[in-house]
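The values are calculated or read from the model by the stated rules, or taken from the named source; none is laboratory data. It should be emphasised that the depicted structure is a prediction, and the values quoted were computed from it without experimental measurement. Positions of Cβ are backbone-derived with ideal geometry, glycine not excepted, and every protein chain shown enters the neighbour counts. Please note that ligands, DNA and RNA were not included when accessible areas were found on the heavy atoms of the full protein model with its side chains. Shrake-Rupley method; radii C 1.70, N 1.55, O 1.52, S 1.80 Å.
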Amino acid sequence: MADRSKHAFIEQALAQRKQDNQFRELSPVHPTEKHAVVKQDGRELINFCSNDYLGLSGHSLLKERSRSYIQQYEAGSTASRLVCGSLTIHHQVEEKIASFLYRESALLFNSGFQANSTLIATLTDRHSLVLADKKCHNSLLQGALLSRATFKRFRHNDVDHLQRLLEQAADQDYNRILIVTETVFSMDGDRTAVARIAELSDKFKALLFVDDAHAVGVWGERGRGLAANIPNVDILLGTCGKAFGTFGAYVACSRKMKEYLINFCPGFIYTTALPPSVVGALDAAVSLIPQLDDRRQALHRKIEFLRHELIELGFNTGNSTTQIIPVIIGDEKETLALSKWLMEHEILASAIRPPTVAPKRSRIRLTLTAGHTQTHLTKLLQVLKSWKNA
Ligand SMILES: *Cc1c(COP(=O)(O)O)cnc(C)c1O
């Protein structure tokens, strides 16, 4: 071995990141009394990065039920679900989620990342084929890599390409095919033709896994998301850290699928059950979400307004039609400069760079939530306009 420090690779990788303008750092933020406003380094910033789409993280009912569950069930669940961590409250919330999403059952997971990175390998083996959208979330990519299945990606939102891959696969002797996609894509805010993909999955007898993380709560009738009414979605995954305002994830599925996952999914089996505080907040969120049509409509109006104004100013928002609105800049340095400019003007918006997005597709990713006021949006637009003119 060369005479080098065993940490040399770390230094080198970090230096490379810095050189490429891709270095990432953490900076603490504090919530404030005001909706969609956070404090960082003592300054108040309008927050355009949060996934708390309905503003539920600060809702009194979530906080109350969280406290009440701690009082009744303690601060920890003490074990995995299959050992002695399966509390009645886990079962209750699973039933509520199942009925909300028109499924026979639902199963909680500790996070979307944990679920996605372990479900694909649970559903496939080395004789299977996984077909995933090119822009699927990293957690799904990790999951596909962990499985020993043949892994192919279809072009983003290109159902015809998916169909060609399915036709090619028909002559091969895969034991199983799993199609993986999202409803709303997390970096582009565009939507998928889930119904068409569901038809294909039916025609080719493929399993269908749909990640609804950014749609549930925000889109669909009563906030059910964009796939609840499509019965042949076999795995309907949602995360509870976004519109639900808390933490965790679920799979809504058939009773048999749930039994299978309880028996075979390592990401469910080998981990401590969600703590009562989280289950309390989640239980409250599941009860509230169907009642929030007014909040959803107001949010939808803000989305239309902001996207329209951004385009008027000459910004490229890609194919976004949702609360996730990318302002695509391209160059990494320029994107960082804009992010800094926004920060100097009391606006918090994240710069998204490779490897999260493709090279030369760097962007400021804006997310809109129920907490944003017209004043917030006007201020954002003014600051963006001044950057354009500077
Ligand atoms: C956020 C997200 C996840 C991860 O969920 P967590 O509960 O935050 O781990 C998975 N998939 C998609 C599409 C996401 O946006």
(message) What's the ranking of 141-153, 112-124 by average number of surrounding C-beta atoms within 10 Å, highest first?
(response) 112-124, 141-153
(request) Quick one: accessible surface of MET343, probe radius 1.4 Å, all protein chains present, in square angstrom to the nearest 10. (result) 60
(request) Taking amide H positions as placed in the peptide plane 1.01 Å from N, state which residues far from ILE347 in sequence (5 or more) or on other chains have amide H under 5 Å from it. (result) ILE46
(request) For segment 1-130, report the accessible area per residue in Å² (1.4 Å probe, heavy atoms, rounded to an integer). (result) 60
(request) Could you tell me what fraction of 2.2 N^0.38 Å the Cα radius of gyration of segment 207-364 comes to, as a two-decimal ratio? (result) 1.25
(message) So for each of 216-228, 200-212 I average, over its residues, the number of other beta carbons within 10 Å; can you give me the resulting order with the highest mean first?
(response) 216-228, 200-212
(request) For each pair in LYS152/LYS388; LYS39/LYS63; LYS152/LYS258; LYS34/LYS134; LYS34/LYS135, compute the distance between the two Cα atoms and list the pairs where it is over 29 Å. (result) LYS152/LYS388; LYS34/LYS134; LYS34/LYS135
(message) So for each of 25-33, 293-301 I average, over its residues, the number of other beta carbons within 10 Å; can you give me the resulting order with the highest mean first?
(response) 293-301, 25-33
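So if I take the alpha carbon set of the chain, get Rg, then get Rh from the Kirkwood formula, what is the Rg over Rh ratio? The partial results should precede the final answer.
Values: Rg = 21.7 Å, Rh = 22.2 Å.
On the Cα set of the chain, Rg over Rh gives 0.98.
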(message) For the pair SER5/GLN22, report the inter-label distance in nm, with labels modelled 7 Å from Cα in the Cβ direction.
(response) 2.3
(message) Sorted from largest to smallest, which semi-axis lengths in Å does the alpha carbon gyration tensor of segment 285-390 give for its equivalent ellipsoid, taking the root of 5 times each eigenvalue?
(response) 26, 16, 13
(request) List, largest first, the extents of the alpha carbons of segment 119-237 along their principal axes, each in whole Å. (result) 42, 27, 22
(request) Pull up all non-local amide H partners of ASP20: gap of 5 or more, or a different chain, and H-to-H distance under 5 Å with H placed in the peptide plane. (result) none
(request) For the chain, with all protein chains present and a 1.4 Å probe, just round the carbon and sulfur fraction of the accessible area to a whole percent. (result) 51
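As a check on your grasp of the helix formula, calculate [θ] at 222 nm for the chain: sum -39500 (n - 2.57) over DSSP H runs of n ≥ 4, divide by the residue count, round to the nearest 500. Provide the component values of the computation, followed by the final result.
Details: 13 runs with 158 residues, N = 390.
Calculated mean residue ellipticity at 222 nm is -12500 deg cm²/dmol.
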(request) Would you tally the net charge around LYS18, using a Cβ to Cβ cut-off of less than 15 Å, leaving LYS18 out, and scoring K and R as +1, D and E as -1? (result) 0
